[in-house]
Structures are given as C-alpha cells and as structure tokens.
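Visitor: This is the structure, below, for whatever I ask next.
The values are calculated or read from the model by the stated rules, or taken from the named source; none is laboratory data. All figures in this text were calculated on a predicted structure; none of them were measured in a lab. Here the Cβ positions follow ideal geometry from the backbone for every residue, glycine too, while neighbour counts run over all protein chains shown. In case anyone asks, the SASA skips ligands and DNA or RNA and just uses the protein heavy atoms, side chains included. Shrake-Rupley method; radii C 1.70, N 1.55, O 1.52, S 1.80 Å.
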Amino acid sequence: MSTGKPAHRRDSARSKERLLQAARELLAERGFERTTVRDIGERAGVDQALIARYFGSKARLFIAVLRAEEGDGTLPSLADPERVLDLFERVGRLGPGPVFQVAVQPTRDPAVQKAAHEALEARMIAPLQEHFTARGLDRPRLRAEVATAAFIGVIMGRGAGAFEELAAADPAELLPLVRGLLSL
C-alpha cells in the first residue's frame, strides 16, 4: 500500500542535525579554514549541496553551530568551579569548539570572525567581567580578557600534546591551579 510519499524522502530535520554535528566535530578538529563543505557532507553522510540549501554557506553553518552551542540562559563565569570542570570535560570529549578555535586562529571570513567574537564575549568574557566588577577589582574588562585567554591557552595546550603533564592531569587536579592562575 502506497502512502503517496517517495520511499527515499529526505528527513530535512535529521539532515540538518547531522550537518550541524559533523560541522561541530570538524571545526573542533581542524578549524574553520581547513574544514571544507565536502568534508562536512561526507562526515554527515549527506550531499554537501544540502549545506547551501539549509544554511546558505559554510560561514552560516558555522554560525548555526555557534548558536546551537549557546543553549538556554546565561552561562556561569569561569569563577564557577563547576563551569571550569565542565569545560575541561567537554573539550576532552568533543575537542575545542569553534569559539576556542577562532580565539587562537582567526578566520578570513569577517562574518565568521564576528560571530565567534560575539560568542566568546557572551560565554566567557562578559560573565568574568561581571564577576571581577562585583568583586570591586580594577580594570575588570582587561582582567576578564586575560583570564579568558589564559584559560583557552590551558585548554588548547592540553590537546596539543606539547605539555605531557598538563595533558595527562585530571581536570579536578587542574581546577585549583587554573583558579589560582586566573586569580579567581
């Protein structure tokens, strides 16, 4: 009995989700510049032309990945030990996300760079700036940027393989060191 629908009908929601997941993984592994739409399509198991259909471009797919990672509500600052542990564990499982990637290696695409900067601001810098302001510390913005840059350096250094003890250390063991480093 026929339902009137082709047997191979695309599931657009599933294809979009697969493209988002594949893009997130590849962006974490390679960064924006070294990730191609062909690679994303292959990893997702769908035609790369669907990127243009669903997202418009690789840059817009990148922005969609950033928005998907935002979640609901405001994230706690790096002053929250649970947030730091969560980031260590998340990056350990999934690799550094697009925001961390772009923080250390800018892209040539201004829209991508702007979106990543806005995400970095909202997720990491602004919450820390509020924390430092509430503590009455001088130059809270500068402190927030330095602390964020240092934390991203620790995160990226763990995955780079150049720091053996850092890479092997348990996140709970790193927590007091990072908090001291960041003057939290």
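Visitor: What is the one condition in (1) open to solvent by less than 20 Å² (accessible area, probe 1.4 Å); (2) more than 16 Å from Asp80 (Cα to Cα); (3) free of Cβ contacts under 8 Å to residues at least 24 places away in the same chain that Ile155 does not satisfy?
Guide: Here Ile155 clears every test but (3).
Visitor: Follow-up. Quick check on the range 47-65: of everything there that is of a type in the set (Gly, Ala, Ser) and within 15 Å of the chain's Cα centre (by Cα), which residue is farthest from Pro96 (Cα to Cα)?
Guide: This residue is Ala59.
Visitor: OK, next. Is it the case, given these coordinates, that Val91 is among the aliphatic types (A, V, I, L, M), open to solvent by 30 Å² or more (accessible area, probe 1.4 Å) and in contact with a Gly (Cβ under 9 Å, 6 or more places away or on another chain)?
Guide: Judged against the criteria, Val91 is not a match.
Visitor: Within the range 114-133, can one find any residue that is among the hydroxyl-bearing types (Ser, Thr, Tyr) and farther than 19 Å from Arg83 by Cβ? Please lay out each step first, then the result.
Guide: Let us first name the residues in the range 114-133 that are among the hydroxyl-bearing types (Ser, Thr, Tyr), namely 133.
Applying the additional criterion that residues be farther than 19 Å from Arg83 by Cβ yields none.
No, the range 114-133 has no match at all.
Visitor: I would also like to ask the following. If you take the residues in the range 158-167 that are free of Cβ contacts under 8 Å to residues at least 40 places away in the same chain and open to solvent by 50 Å² or more (accessible area, probe 1.4 Å), which one is nearest to Pro81 (Cα to Cα)?
Guide: Checking each candidate, the answer is Glu165.
Visitor: How about the range 168-181: which of its residues are under 12 Å from Pro81 (Cα atoms) and either β-branched (Val, Ile, Thr) or in contact (Cβ under 8 Å) with a residue 24 or more places away in the chain (or both)?
Guide: Passing the criteria: Pro171, Ala172, Leu174, Leu175, Val178, Arg179.
Yes/no matrix, rows are residues, columns are (1) touching a Phe, Trp or Tyr at 6+ places or on another chain (Cβ under 7 Å); (2) without any contact (Cβ under 8 Å) to a residue 60 or more places away in the chain:
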{"site": "Leu27", "(1), (2)": "yes, no"}
{"site": "Tyr54", "(1), (2)": "no, yes"}
{"site": "Phe62", "(1), (2)": "yes, yes"}
{"site": "Leu75", "(1), (2)": "no, yes"}
{"site": "Ala79", "(1), (2)": "no, no"}
{"site": "Val84", "(1), (2)": "no, no"}
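Visitor: Based on what the data block shows, is Arg141 over 17 Å from Leu181 (Cβ atoms), of a type in the set (Lys, Arg) and either touching an Asp or Glu at 6+ places or on another chain (Cβ under 7 Å) or surrounded by 14 or more Cβ atoms within 10 Å (Cβ to Cβ) (or both)?
Guide: no
Visitor: Of Arg141, Arg93, which residue is among the basic types (Lys, Arg), over 12 Å from the mean Cα position of the chain (by Cα) and more than 21 Å from Leu26 (Cβ to Cβ)?
Guide: Of the residues listed, the single one that is among the basic types (Lys, Arg), over 12 Å from the mean Cα position of the chain (by Cα) and more than 21 Å from Leu26 (Cβ to Cβ) is Arg141.
Visitor: Anything in the range 153-184 that is assigned to a helix (DSSP H, G or I) and either acidic (Asp, Glu) or touching a Pro at 6+ places or on another chain (Cβ under 8 Å) (or both)? List them, or say none.
Guide: Scanning the range 153-184 gives Ile155, Met156, Gly159, Glu164, Glu165, Glu173, Leu175, Arg179.
Visitor: State which residue pairs qualify: first residue over 13 Å from Ile63 (Cα atoms) and inside the range 95-106, second residue polar (S, T, N, Q) in any location, beta carbons under 7 Å apart, and separation of 6 or more residues or different chains.
Guide: Listed by first residue and then by second, the contacts come to Pro106/Gln113.
Visitor: Can you find, within the range 119-138, the residue that is surrounded by the most Cβ atoms within 10 Å (Cβ to Cβ) among those that are in contact (Cβ under 8 Å) with a residue 12 or more places away in the chain and of a type in the set (D, E, K, R)?
Guide: Ranking the candidates gives Arg123 first.
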